[in-house]
1. Quick one: count up the residues across segment 6-38 that are under 20 Å from the mean Cα position of the chain (by Cα) and among the hydroxyl-bearing types (S, T, Y).
2. Being without any contact (Cβ under 8 Å) to a residue 40 or more places away in the chain and in a helix (DSSP H, G or I) narrows it down to one of M46, M1, so name that one.
3. Any residue at all in segment 58-75 that's over 30 Å from M20 (Cβ atoms), assigned to a helix (DSSP H, G or I) and within 18 Å of the chain's Cα centre (by Cα)?
Amino acid sequence: MQEVRLTIRVSLKDNRLIDMFIRTGEYATKSEFIRRAIKEYSMNHMEEIIKKAKAMQKLQQMVNSVEQIEEYTKK
């Protein structure tokens, strides 16, 4: 798996919360915590993302249809 380095800013409160999880042994590093948070967020919101993607796909199909009609009417 290819990885990329990200630099993020979090509030002092969030940083302390992450540190608490690390101190309790729940996570070994901040990176591990953030990777898990991203994975859980993605899993919990995947249905919403899929709905938006399908809506965008339908919109693109409509745009394509309108463009085809415009091309036909120009001839």
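Taken together, the values in this text are just the output of simple stated rules run on the coordinates, not laboratory data. Remember, predicted model here, so these are calculated numbers, not experimental data. Positions of Cβ are backbone-derived with ideal geometry, glycine not excepted, and every protein chain shown enters the neighbour counts.
1. 2
2. It is M46.
3. Looking for residues that are over 30 Å from M20 (Cβ atoms), assigned to a helix (DSSP H, G or I) and within 18 Å of the chain's Cα centre (by Cα), one finds none in segment 58-75, hence no.
The rows are residues; the columns are (1) exposed (fewer than 10 other Cβ atoms within 10 Å of the Cβ); (2) in contact with a His (Cβ under 8 Å, 6 or more places away or on another chain); (3) not aliphatic (A, V, I, L, M).
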site	(1), (2), (3)
V4	yes, no, no
N15	no, no, yes
Y27	no, no, yes
E40	no, no, yes
Q60	no, no, yes
E70	yes, no, yes
